[in-house]
Amino acid sequence: MTHRLFFALRPPAPLRDALIDTMDDLENARWQDDDQLHLTLRYIGEVDAHRADDLAEEAETLAFEPFELSIAGVGYFERKSRPSSVWARIAPSEPLTRLQARIERLCQRCGLPAETRKFTPHITLARLNAAAGSLAPFLARNESLALGPWRVDTYILYESFLREAGSLYDPVVTYHAKA
Ligand code: 2AM
């Protein structure tokens, strides 16, 4: 039995509410539910139960101090030259970069191949299919979106379950900062 895992941060409820307030009508866009909102630190993918246990145990050893994050505008990813998802951008943060780098090393210690993609911290707001309408109005309206700051004092190991209606993200272990 394998598990599809990732490490992520969960924004607090007021921040999630503010993100949900930005979501509007756009054809063929699947806006994320409150339960789905998160900031991925490291996507792990499918691992067996043994490696999942190793990752969960290694993560216990990672001591980090609380820090703050903010949202600064929005952006999108493209696939085949078309927008595939739209997201809230995380303002640059040294502590976030450090935590992400430490989680990357932790994953490599557990035998995962290095992540080669650049870390672009974001919170996905909607997934778009090829027939999605123009993103331009959404992008223009939220260009200067500024939310937060909020305090980060936990990170989470999530399991992802793919469903027809969109992925279900189940928090498996929550790791607390040592203030
Ligand atoms: P996304 O929101 O930008 O799609 C769970 O799937 C989380 O891991 C999502 O936040 C997703 O980012 C992220 N992720 C990163 N790389 C992924 C990949 N190759 N496949 C699926 N999810 C990935």
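Each reported figure results from applying straightforward, stated rules to the coordinates on display, with no laboratory input. Only a predicted model underlies this, so the values are computations on that prediction, with no experimental measurement involved. Every residue, glycine as well, gets a Cβ built from its backbone with ideal geometry; the counts of neighbours run over all protein chains shown.
Would you confirm, using the coordinates I've provided, whether TYR76 is in contact with a helix residue (DSSP H, G or I) (Cβ under 8 Å, 6 or more places away or on another chain), farther than 23 Å from ALA13 by Cβ and not small (Gly, Ala, Ser)? In short, yes.
Can you report the number of residues in segment 82-119 which are under 14 Å from the mean Cα position of the chain (by Cα), among the polar types (S, T, N, Q) and farther than 21 Å from ARG30 by Cα? Total meeting the criteria: 2.
How many residues, within segment 58-68, are farther than 20 Å from PRO113 by Cβ and either surrounded by 11 or more Cβ atoms within 10 Å (Cβ to Cβ) or not small (Gly, Ala, Ser) (or both)? Quick ask: steps written out before the conclusion?
Step one: filter segment 58-68 for residues farther than 20 Å from PRO113 by Cβ, giving 60-61, 63-68.
Cutting the leftovers down to either surrounded by 11 or more Cβ atoms within 10 Å (Cβ to Cβ) or not small (Gly, Ala, Ser) (or both) gives us 60-61, 64-68.
Total meeting the criteria: 7.
Is it true that ILE103 is touching a Lys or Arg at 6+ places or on another chain (Cβ under 9 Å) and either closer than 23 Å to SER70 by Cα or surrounded by 14 or more Cβ atoms within 10 Å (Cβ to Cβ) (or both)? Let's see the steps before the verdict.
Values: touching a Lys or Arg at 6+ places or on another chain (Cβ under 9 Å): yes; either closer than 23 Å to SER70 by Cα or surrounded by 14 or more Cβ atoms within 10 Å (Cβ to Cβ) (or both): yes.
Criteria met by ILE103.
THR120: more than 16 Å from THR154 (Cα to Cα), surrounded by 15 or more Cβ atoms within 10 Å (Cβ to Cβ) and either within 16 Å of the ligand (Cβ to nearest atom) or in contact (Cβ under 8 Å) with a residue 60 or more places away in the chain (or both), yes or no? No, not satisfied. Taking segment 74-117 as the range and being away from the ligand (no atom under 14 Å from the Cβ), in a strand (DSSP E or B) and within 21 Å of ILE44 (Cβ to Cβ) as the test, no residue passes. Among the residues of this structure, ALA132 counts as one that is within 16 Å of the ligand (Cβ to nearest atom), within 21 Å of ARG82 (Cβ to Cβ), in contact with an Asp or Glu (Cβ under 7 Å, 6 or more places away or on another chain) and touching a residue at least 40 places away in the same chain (Cβ under 8 Å).
Determine if segment 34-48 includes at least one residue that is farther than 21 Å from HIS122 by Cα, away from the ligand (no atom under 16 Å from the Cβ) and not aromatic (Phe, Trp, Tyr). Checked against the condition, which is being farther than 21 Å from HIS122 by Cα, away from the ligand (no atom under 16 Å from the Cβ) and not aromatic (Phe, Trp, Tyr), segment 34-48 yields at least one hit. One residue stands out among those in segment 151-175 that are crowded, with 16+ Cβ neighbours inside 10 Å, of a type in the set (Phe, Trp, Tyr) and in contact with a Leu (Cβ under 8 Å, 6 or more places away or on another chain): the one that is farthest from GLN32 (Cα to Cα), which is TYR175.
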